[in-house]
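Each remark here refers to the structure printed beneath this line.
Each reported figure results from applying straightforward, stated rules to the coordinates on display, with no laboratory input. Model, not experiment: these values are computed from the prediction. Here the Cβ is made from the backbone with ideal geometry for all residues, glycine too, and neighbour counts use every protein chain on show.
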Amino acid sequence: MDFSRRKFLGAGVLCQEIPLRPPWAQAESLFQEACTRCGDCVRHCPEGILIQDNASSYPSVDFAKGECTFCGDCVDACPSTALQRHEAEPWPYKAKLNHRCLTEQQVVCLSCAEQCEVSAISWQHQAKKVSKPIINIELCTGCGACVASCPTQAIEVKS
């Protein structure tokens, strides 16, 4: 098969997810255009959740290190227009559960809800079964506090 034609038709092309960018990041294309990869936002993050991607050197969020408090220090440290504070939400990301949740194996676990300051995680009670967590996306800020606390990595923050 002609690989140039395959590429043209989109066969075999893997969709890569865009990494989680710092709060108040521009749309990805504008972000990459404006970001100088200086690392100032990473160095100024008091929570230590911003990292520089090894492959691209662009900053991204690693919720395994903690949660985002939306303090804005990364924005204040950014010398470019890649991060711009505005009145809207800092980002479109929300927590999502996957199949690895311990409640799927009928194990009681409250770790995620205990970490959620805005009470976006509640419990769906079921007769004779372990209650399952439900994330209210209207309340969820996408801060990631629930991610690091989950013993099975069953929570992801995505758009």
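Structure data summary
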read-out: Sum of side-chain charges, P23 neighbourhood, beta-carbon under 12 Å (Lys, Arg +1; Asp, Glu -1); value: -3
read-out: Over 25 Å between alpha carbons, listed pairs K65/K96; K94/K129; K129/K158; K65/K129; K94/K128; value: K94/K129; K129/K158; K65/K129; K94/K128
read-out: The chain - mean residue ellipticity at 222 nm from DSSP helices (-39,500 (n - 2.57) per run, n ≥ 4, rounded to 500); value: -4500 deg cm²/dmol
read-out: Relative contact order of region 18-89, pairs being alpha-carbon contacts under 8 Å that are 6 or more residues apart, as %; value: 43 percent
read-out: Net charge, C146 excluded, C-beta distance under 12 Å - Lys, Arg +1, Asp, Glu -1; value: -2
read-out: Whole-Å semi-axes of the chain's equivalent ellipsoid (Cα gyration tensor); value: 31, 24, 13
read-out: Cβ-defined net charge surrounding E156, 11 Å radius [Lys, Arg +1; Asp, Glu -1]; value: +3
